[in-house]
Amino acid sequence: LLLSVAVPTIRRELLLGCFLFGLSGGYYQFVRDDYEHHRQSLIDDSDLLCRVLNVESKRAEIELVGRADQRNHWSRYPNLYKLNFKLQSPVIPAIGDHLLLLNARISTLHESANEIDFDLHSYLLGNNSLGYVYADDYQIIRSRSSYRFFLVKLANRLRQKWSTNAANWFHPKLFEIYNAAFLGNKTMAGSKLKETFSKLGIMHVLSVSGMHVGLVYVFVFAPFRWLGRFYQPIMSFEIVFLPVIWIYALASGFAEPVFRASMLISLMVISRVLLQRKLRIEDAFFSVLLLSLIQNPLRIHSVSFQLSNAAMLGILFIYPIWKQKVATPYGVFNRMTDIIGISVCCSLSTLPLVLYYFHRFPLWFLLGNLVFTLPFTLLMFGFMSFSLMTLFELDLGMGFLADGLEMIWDRSLCMLERLALLPNPYLFAYEFDGKQAYVLVCLLWLSWFVQTRFSTFKGSILLGSSFVLLLFWGSLNSHKTTQMKYRFPQKQKEINHIYRYAQSRN
């Protein structure tokens with residue numbers, strides 16, 4: 001703080017954030033130790049009392065309420081730890097019901113021998129889940145609905161109503177993208193559609209995130225912005241329609257990126273309408289991020305949490321540089337460059353995480369985003385109109401809307417499938433590890449700092465050369481890379497050999 005007074009170019013908020021970040025290390029370690037302790041206590045057989053959060057395809061997501069030790073003494077869990085449980089009874093519990101799991105135990109996690117395999121332990125940490133639980137027997141205890149589960153049930157009924165009406169009006173292909181991209185039902189997307197979107201680097205479209213909430217916000221509040229040019233007081237009615245954002249957030253599954261985006265929009269609207277002051281989007285973003293981590297510091301392990309916030313950082317800090325460099329006097333051309341710029345900035349800011357977790361990067365992401373951004377925006381506006389008409393039971397013009405959306409999706413899907421046939425869709429980097437990810441993050445920050453502080457020095461030269469060097473370093477054909485390429489054919493050959501031996505022995 002003394003340094004910020006002496007040097008006026010340093011923001012006090014930045015130093016205060018560093019101070020809070022340093023204090024949060026002890027809080028994170030306390031929560032992490034508590035998580036590991038409870039997880040270790042569930043390895044042995046014990047009776048558990050849990051509450052059902054969600055049920056899908058006979059797989060239940062439950063939260064741990066209490067546990068009985070060997071002396072049958074019950075203890076209540078202060079934190080809401082989640083468990084994944086497979087239902088074996090034909091009787092399916094409802095959301096909010098309690099489950100009594102007898103002789104329950106969680107599966108032990110083994111360290112992966114291959115560095116690029118899926119890190120299950122980190123995934124469970126990010127979701128505040130203790131793991132997959134198994135039980136010899138369980139009993140369903142019907143419970144009264146609390147206010148919390150009343151909202152969840154209301155959201156599920158709304159989602160079911162929208163999905164049922166969409167199945168009656170939409171073609172199966174359009175219904176597939178409606179369920180996946182608008183309602184958040186990822187399991188409804190087919191493998192062919194996922195493969196096409198993955199090759200073009202637009203898989204984020206199939207997962208409801210802050211981008212989807214932003215499009216809903218634009219759809220709802222754009223008329224007020226337009227009318228506000230002629231009559232300023234009408235902008236005050238913007239706050240009245242905030243529940244529309246939260247209704248969509250609930251109906252789409254209330255994922256964490258959706259919650260953060262809804263919170264961000266609500267803070268900015270409330271600050272502008274009620275407090276009569278314009279809140280900077282950077283301050284609102286970091287405030288929501290801090291509140292999210294205070295509520296659950298283990299969320300920082302979630303890959304979705306990391307990617308969504310990294311993409312937002314690219315929009316906040318890298319995109320202004322792009323807009324300043326590429327600005328032209330032509331409005332239509334600026335709109336097209338804005339689409340390209342946002343795609344490039346999000347891809348740059350998420351590149352270290354993508355290479356670290358997935359070890360591949362889609363080369364044709366720019367074409368995919370450029371081709372599908374405008375059709376996807378029209379599809380989201382159409383889906384929102386359809387959902388509002390379904391909510392208020394308005395059938396006038398429903399068929400015309402469904403036909404228009406089907407035509408947009410058919411043309412877009414045909415073009416995307418052709419682009420997916422382009423050669424070399426991925427750039428693989430099997431050797432990209434945590435150290436290289438840290439180096440790439442530092443180079444990104446250094447390039448941004450040089451570009452913003454020293455305009456005479458070309459930070460893009462440093463950025464481009466560092467990318468080429470790191471990608472060459474990460475994709476070297478070492479022994480481990482060769483072992484990864486030929487690992488699965490050797491496994492298949494070994495399985496075939498065992499199978500032929502078993503046949504010979506009958």
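The values are calculated or read from the model by the stated rules, or taken from the named source; none is laboratory data. From a predicted model like this one, the values you see are computed outputs, not experimental measurements. Note that each Cβ is placed from the backbone with ideal geometry, even for glycine, and that neighbours are counted across all protein chains shown. Quick note on the areas: whole protein, heavy atoms, side chains included, nothing else; ligands and nucleic acids left out. Shrake-Rupley method; radii C 1.70, N 1.55, O 1.52, S 1.80 Å.
General remarks:
- Over all other residues within a Cβ to Cβ distance under 10 Å of Gly96, the charged ones net out to +4, with Lys and Arg as +1 and Asp and Glu as -1.
- Solvent-accessible area of Asp403 with every protein chain in place, 1.4 Å probe, in Å² to the nearest 10: 100
- As a rough guide to protection, the peptides 329-341, 297-309, 189-201 ranked by mean Cβ packing within 10 Å, highest first, stand as 297-309, 189-201, 329-341.
- Aspartates and glutamates whose Cα lies under 18 Å from that of Lys323, excluding same-chain neighbours fewer than 8 positions away: Glu282, Asp338
- Accessible area in the full protein assembly, largest first, 1.4 Å probe, for Tyr132, Tyr430, Tyr438, Tyr138: Tyr438, Tyr132, Tyr430, Tyr138
- Ignoring aspartates and glutamates fewer than eight residues from Lys58 along the same chain, the ones with Cα atoms less than 18 angstrom from its Cα are Asp97, Asp136, Asp137.
- Entries of Lys194/Lys278; Lys199/Lys278; Lys153/Lys199; Lys86/Lys161; Lys199/Lys325; Lys82/Lys173 with Cα pairs more than 32 Å apart: Lys194/Lys278; Lys199/Lys278; Lys153/Lys199; Lys82/Lys173
- Burial ranking of peptide ranges 213-222, 66-75 (average Cβ count within 10 Å, highest at the top): 213-222, 66-75
- Count Lys and Arg as plus one, Asp and Glu as minus one, and take only other residues whose Cβ is under 9 Å from that of Leu87; the net charge is then +3.
- Met384 - accessible surface, heavy atoms, 1.4 Å probe, Å² rounded to 10: 10
- Computed Rg/Rh of region 163-291, alpha carbon atoms with Kirkwood Rh: 1.04
- Largest to smallest accessible area among His98, His212 [probe 1.4 Å]: His98, His212
- Positive minus negative residues near Met211 (Lys, Arg vs Asp, Glu; Cβ under 15 Å): -1
- Candidate residues Arg225, Arg142: accessible-area rank, largest first, probe 1.4 Å: Arg142, Arg225
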